[in-house]
Amino acid sequence: MSPTQRSIAPSARRLASCARLAVALFAALCAVPVVAHAAGGGDARVSWNEDVFVAGGSPSLREPVDGNLFAAGGSVDIDAPVAGDAVAAGGRLHLDAAVGESLQVAAGQVFIGGKVRQDARVAGGQVEFGPSSAVGGSVAVAGGHVRLLGTIAGDVRAAAGRLLIDGTVGGDVISAAGDVELGPNARIAGSLRHRGGNLQRDPAAQVAGGIQSEWPFWSTVPEAPPRGHPAGAAIGWGWTAALAALAALLLAVSPRFQARVTATLRKQPGLSLLLGALWLVCAPLLLLVLLLTVIGIPLTLLGAALYVVLLPVAYVSTAIALSHAALRALHADAAASRVWQAAAAALVLAALSQAPRLPWLGAAIVALVLIAGLGALALQLRRRPPTA
């Protein structure tokens, strides 16, 4: 074998290994639900080499895994050590065991009480790293309510509605959150860079590198301004104006398509909500699966970019549908005018921008608007979408 062939051989073997992993992952994801259904709706477990794939209504891992773990289900419990990576998704996830490599999780409720040797990437509605948890690398977390009570050796990057840090962080903390709270046990070796709403700090909390509260995004001030600050209001109304401009652009460039989306939301609101919820949850998971295959990284980047662009389009599409319904009820002739449609959509978006001020209900309204738009856009893939 020539030197060139010897140098190419390892790369070829790695590529073949990644390809086998991708094929195995795809086959397992397809086979596990079928096996579970055949077993009467119970949980199913499929092994490939040292990797394990489990799925079902309430899958529970009780035996050690020598390779990687892929788990999905309504309620996932991981109570046995995993030698490799652990990737899990579901309605609820509870991890109380050691993970030998990295952890990647997406679930409605997440509790992590074990040790993760490398990095952890977590997304969920409620996320908690318990007091006994320990992460050897960095943590990237996104959620509605995030609690970090354990030990994290590296940096923390968090995006949350509310973030509580009452544990140890060995690096920096970069936060984009509505509210940040530092408990009495908070020990941050680096700095805390906070961008968002209120910051509450217990007198016993320690931040060795200091605290920077950024507001607006291009300036650094000692503390973030309180709610209702003029700078925050300006940013909020600027975003609303951008969405209104997007609505006018969609109505001008693709009026027929927007008419079909509006008709879909009017005639099939339930199906739009269901499909939108599935799309909102499954699309990030699919991107995560592609990312894990390595050879799917280019598709992951493209898919992530398209997904980010699709979210405001879906939100604005629902606003256009709501404004069209209001115009039809108040002034049927004005509903045919694009100018009136754009103006009405701008008013609806302005009203929706104030929805988050409503406790509990406001967040639900914004979520429903986004989910309905995603579902209606997805339904346009059919051959004969409904017409207005």
Which FRET efficiency, nearest 0.05, do His331 and Trp237 yield, Cβ-Cβ r, R0 25 Å?
-> 0.40
The stretch 87-149 versus the stretch 324-376: alpha-carbon centroid distance in Å = 36
Can you tell me which of 312-323, 346-357 comes out highest on packing, and rank the rest after it, using the mean Cβ neighbours within 10 Å?
-> 312-323, 346-357
For Ala97, other-chain or 5+-apart residues with amide H closer than 5 Å (H placed, Pro excluded) are Gly113, Gly114, Lys115
Taking the Cβ of Thr151 as the centre, find all other residues whose Cβ is under 12 Å away and add up their charges (Lys, Arg: +1; Asp, Glu: -1).
-> +1
In whole Hz, with x marking every Gly and Pro, tabulate ³J(HN,Hα) for the stretch 246-251 from phi via Karplus 6.51 cos²θ - 1.76 cosθ + 1.60, θ = phi - 60°.
-> 5, 4, 4, 5, 5, 5
Diffing the stretch 206-213: the Karplus 3J(HN,Hα) column from phi (6.51, -1.76, 1.60, θ = phi - 60°), in whole Hz with x for Gly and Pro, holds 10, 10, 5, x, x, 10, 10, 9
Once amide hydrogens are built 1.01 Å from N within the peptide plane, the residues lying 5 or more places from Ala71 or on another chain with amide H under 5 Å from its amide H are Val54, Val87, Ala88, Ala89
Other residues with Cβ under 12 Å from the Cβ of Val127 give, with Lys and Arg +1 and Asp and Glu -1, a net charge of +3
Here the stretch 82-93 yields Karplus 3J(HN,Hα) values (6.51, -1.76, 1.60; θ = phi - 60°; whole Hz; Gly and Pro given as x) of 10, 6, x, 7, 10, 10, 9, 8, x, x, 9, 9
Amide hydrogen neighbours beyond the local backbone of Val122, cut-off 5 Å, H modeled = Val105, Ala140, Val141, Ala142
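Taken together, the values in this text are just the output of simple stated rules run on the coordinates, not laboratory data. Only a predicted model underlies this, so the values are computations on that prediction, with no experimental measurement involved. Cβ coordinates were reconstructed from backbone atoms using ideal geometry, including for glycine residues, and neighbour counts include every protein chain displayed.
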